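Just so it is clear, none of the values below were taken in a lab; they were calculated from the coordinates. Small disclaimer: the values here were computed from a predicted structure and weren't measured. Cβ coordinates were reconstructed from backbone atoms using ideal geometry, including for glycine residues, and neighbour counts include every protein chain displayed.
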C-alpha cells in the first residue's frame, strides 16, 4: 500500500468535489435507487478482489462522491449539519489514522488533552468555571465539567442520567423507582422522548410545559406544571428547555426558567445542541441570557461551529454531578495507577470513543474565536434577510420571525402542496430543504448552514417553488 499516493488521490478528488459543489456545477442532491447505487459502486467485486488502490481507488472515489449530498453547495438548506471547515476534516483524518480510543488517558494522551482543553474553553463561554489542568490540585474548589460525545442525542441522554443519579443516588444498585418524570415543552427534540424511554420513564412520564404561539416556554405557567406532576405522585428528574427549538429556532426564556428551577431544586437542562453557538457572538449572546443558571447544557460543534460529524459537548456547572453519574466496575480500566492525565470514561456512555476534540480544535485554531463568531453572525444575518424578503411576498408566509439561522415558510396552499414542492425540488436537485409541522401546519424549512448561501440563492429558490406549484 502506498498511503501517500492513495491519500493524494483522495485529496485531489475532494478538492474537485468542493469546486464542483460551491460553483453549483453539480446538483446539491441526487438520490439513485439503492440497488443501482450498490451495483454502480461495484461493492461486491471490490470486496472479493481486494487491492482497492491507485486507479481503481480513484474510480471508486469519483463514483462515491457523485452519490453524496453536497453540503458545500450554496443551495444546501435542509438540515442542521455543519458545512465542515477543511481543517476540521483534517482532524477527522488524523484521528482515523492514529485511532486512539481516548476514553482512558493512556490510550490517547494528545486526544484526551485536547478534549480537556476544548471542554474548558466551552465552559468559559457559558460562564462556568473551567477545570484545573491538574484535577488533583483542585481541593474543594468548585468548577464545571464536561465530555464530548458522538452527537447531541447522546449528550442529552447523558445529562438526564446525571440528573437522575443526583435525584436517586442509589439507582445503579436499586433500579428505577416508579415516580420519576420529566418537564419539557412539546417542541423539544425527539431525543428527549427517546431518552425518557431509555431511562424507563416513558413518554407518559414527560409532562408538557405550556408554551406561547411560537413554542416558547411560558415561565408563569411552570408552577402549575409542577403541581400537576406532584399531584400525580411524581418527582421531576429535570426540566428541559430549548436553545433553540429544532422546528423553528426559537429560544426559551432561560433566565426565568433557571430561577424557577433553582427555587424548586429541579435540575435545569438546556438543549442548546443547535443554538448554543450564539454564545460565541457578542451580538447574539443575549439569546441565552440565564444559561449560566442551568445544571447542564448540550452544545453541538457539528452544527454551527463548522466541525465535521460528530462532535457534541455535554457540559455541567458542577463537575461532580457528571463524575458521579455512572457507577460501574471494570478492573482492567478502573484501578489505582500512575495518572499524568485525565480519564473521561467515567463521564460518558461510550466505553470507546474517537478523539472528537481534535476536529473542533483545528477549526477553532484555523478560524480563531473572532472568525467563528463572524460566521455565526453572517448566518443569522442572511436568515433575517431571507425572512424580510419572503415575508414581503404576497404568496408566501413565514411561521415566526427567526431568532437563529432557521427559517420556516410556506407557499400559499395546503400542507400537501408544501410536500409536493419539496419533492419537486429534490427531484430537480437544484435546492435541498426540509419541512416541519408547526402549530398544526406544514412549512418548508430552510437552515442556513453554508457560508456561501446568499439572498440571491433564496430568490432563485422562490422562483423554483412558484414554478413547481404552477405545474401542480
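Spatially, the stretch 35-91 and the stretch 359-376 are offset by 26 Å when compared through their Cα centroids. Entry note: the stretch 134-190 has Rg to Rh equal to 1.05, where both radii use alpha-carbon atoms and Rh is the Kirkwood radius. With 10 Å bins beginning at zero, the pair-distance distribution over Cα atoms of the stretch 227-283 amounts to 21, 44, 27, 7, 1 %. Shape class for the stretch 3-68: oblate, because the ratio a/c of the largest to smallest gyration tensor axis (alpha-carbon atoms, square roots of eigenvalues) is 1.5 or more and b/c is at least a/b. Among rounded, prolate and oblate, which fits the stretch 166-271 when a ≥ b ≥ c are the square roots of the eigenvalues of its C-alpha gyration tensor, a/c under 1.5 means rounded, and a/b larger than b/c means prolate? The shape class here is prolate. With Cα atoms as the point set, the radius of gyration and Dmax of the stretch 368-471 evaluate to 13.9, 48 Å.
Neighbour counts of other Cβ atoms within 10 Å put 467, 66, 165 in the fewest-to-most order 467, 66, 165.
By the count of neighbouring beta-carbon atoms within 10 Å, fewest first, 398, 244, 261, 351 end up ordered 351, 398, 261, 244. Determine the calculated [θ] at 222 nm for the chain from helices alone, applying -39500 (n - 2.57) to every DSSP H run no shorter than 4 residues and normalising by the residue count; nearest 500 deg cm²/dmol. -13500 deg cm²/dmol, from helical runs alone.
The Cα-based radius of gyration and maximum Cα-Cα distance (Dmax) for the stretch 70-145 are 16.8, 53 Å. Given C-alpha coordinates of the stretch 1-128, what is the ratio Rg to Rh with the Kirkwood estimate of Rh? Using Cα coordinates only, the ratio equals 1.05.
Out of every Cα-Cα pair in the stretch 94-363, what percent are more than 35 Å apart? Here the long-distance tail beyond 35 Å is 14 percent of all Cα pairs in the stretch 94-363.
Counting Cα-Cα pairs of the stretch 263-415 in 10 Å increments starting at 0 gives whole-percent bin shares of 9, 27, 29, 21, 9, 3, 1. Listed peptides 294-306, 215-227 appear in the order 294-306, 215-227 once ranked by packing, highest mean of other Cβ atoms within 10 Å at the front.
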